[in-house]
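Report on the structure given below.
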Amino acid sequence: MQLKRIYDNWDQVRAASGTPSSRNRRVWRDYLRTRPAIAYWGDSWFSTPLYKNLYWNSFARIDGLSLRLGGPGLTAARMCTPAQCRNYAERLKSREFDLLCLSIGGNDGIAPLARLFAEAGRMSAEDAFARLLAAGTFEDILERYRILLSAMRTVGGAFRVVGHGYARLQRIGEPGRTSIKNLGLAAPLIGNVGPWLWPPMKAVLGSKAEARRFAGLLLVRGFRDRVLAPAKREFPGLFSYADFSGVADADDPGFWYDEIHPTESGFGTLATGYNAMIRAALPAAKRAAVG
């Protein structure tokens, strides 16, 4: 039996791995003796069909197998339900996965902006951020991480979870660019290619420079300090994350494809740091498989 590198759904994984005493499972285990099995679960940073995203750039450098879960535009509130997290944990355990990579929560920070700032009047980036804090936006996202990580803790053994933060946004108000080359793949997203942050915040913040400062507070510092860091403290040994806040290349507008997504090469830059965290989270016998 020839194993694939990329599996698109649980049915494919179940067929490839077989039952615990099957020949398929023996082949599966032998392949994974020195190679990782990694599930990537996330929103558009892992699943945008427009070009090679963070998932693609990360796993292209890894000798192992992967399962892709999630989809563009999904929120942690929708993905991280108790039932779904328990279900995924059971499946990851039964198929002997080593790692779950997460790209979850950024959409939950942006989704409530239109409601929270409707007719809010002009204010500074700091005051807008304070309104987000008062609304409990980050507490809601963190609670979803708690639900997910509590379930993943039941996998046990050397299983780990690796998330990521965000880099400093530069192209506020820029929509995604489509072309004849990517139009076919992008068809499900046409009409939803951004921008996402600028429209609800334009009247509130007044300038793209102020909106850029607000984006830094929301998606970079806020998400890191109020979601990722607390989750790591609460689930030591299980959860770690890549901090992209200091990536210097992100300060170049050419790093960005649109308002909140890096270009293909930008994702390639981020994949270097992300894979370093993946390598560190894996058992020692499998770390050499991560480039």
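Values in this text are rule-based calculations from the coordinates and carry no lab data. None of these values were measured; they are calculated from a predicted model. Using ideal geometry, Cβ is built from the backbone for each residue, glycine included, and neighbour counts are taken over all protein chains shown.
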For the chain, the dipole about the Cα centre with charges only on Cβ (Lys and Arg +1, Asp and Glu -1), to the nearest 20 debye, works out at 1140
Taking the chain and counting helices only, DSSP H stretches of n ≥ 4 at -39,500 (n - 2.57) each over all residues, the nearest-500 ellipticity at 222 nm comes to -12000 deg cm²/dmol
Between the residues SER58, GLY71, GLY121, the Cα farthest towards the positive end of the dipole of segment 28-123, that dipole coming from +1 and -1 charges on the beta-carbon of Lys, Arg, Asp and Glu, is from SER58
Taking a crude spin-label model, label points 7 Å out from Cα along the C-beta direction, the MET1 to ALA248 distance in nm is 4.9
What the Cα atoms of the chain span along the principal axes, largest first and in whole Å, is 65, 44, 31
Taking 223-236, 245-258 and ranking on average Cβ neighbours within 10 Å, highest first, one gets 223-236, 245-258
Length-normalised contact order of the chain, Cα under 8 Å, at least 6 apart, in percent, tallies to 24
tail above 16 Å in the computed P(r) of segment 45-95, as % of all Cα-Cα pairs, reads 53
Once the in-chain neighbours fewer than 8 apart are removed, the lysines whose Cα is under 19 Å from LYS93 read LYS286
To the nearest 10 degrees, the tilt of helix 125-134 (Cα long axis) against the first principal axis of the alpha carbons of the chain is 60
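Tell me the net charge near SER240. Cut-off is 12 Å between Cβ atoms, SER240 excluded, with +1 for each Lys or Arg and -1 for each Asp or Glu. Please list the in-between numbers first.
Numbers: positive: ARG160, LYS232, ARG233, ARG279; negative: ASP243.
Neighbourhood net charge equals +3.
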To the nearest 10 degrees, the tilt of helix 264-281 (Cα long axis) against the first principal axis of the alpha carbons of the chain is 50
The helix 82-94 Cα axis meets the longest alpha-carbon principal axis of the chain at an angle in degrees, between 0 and 90 and rounded to 10, of 30
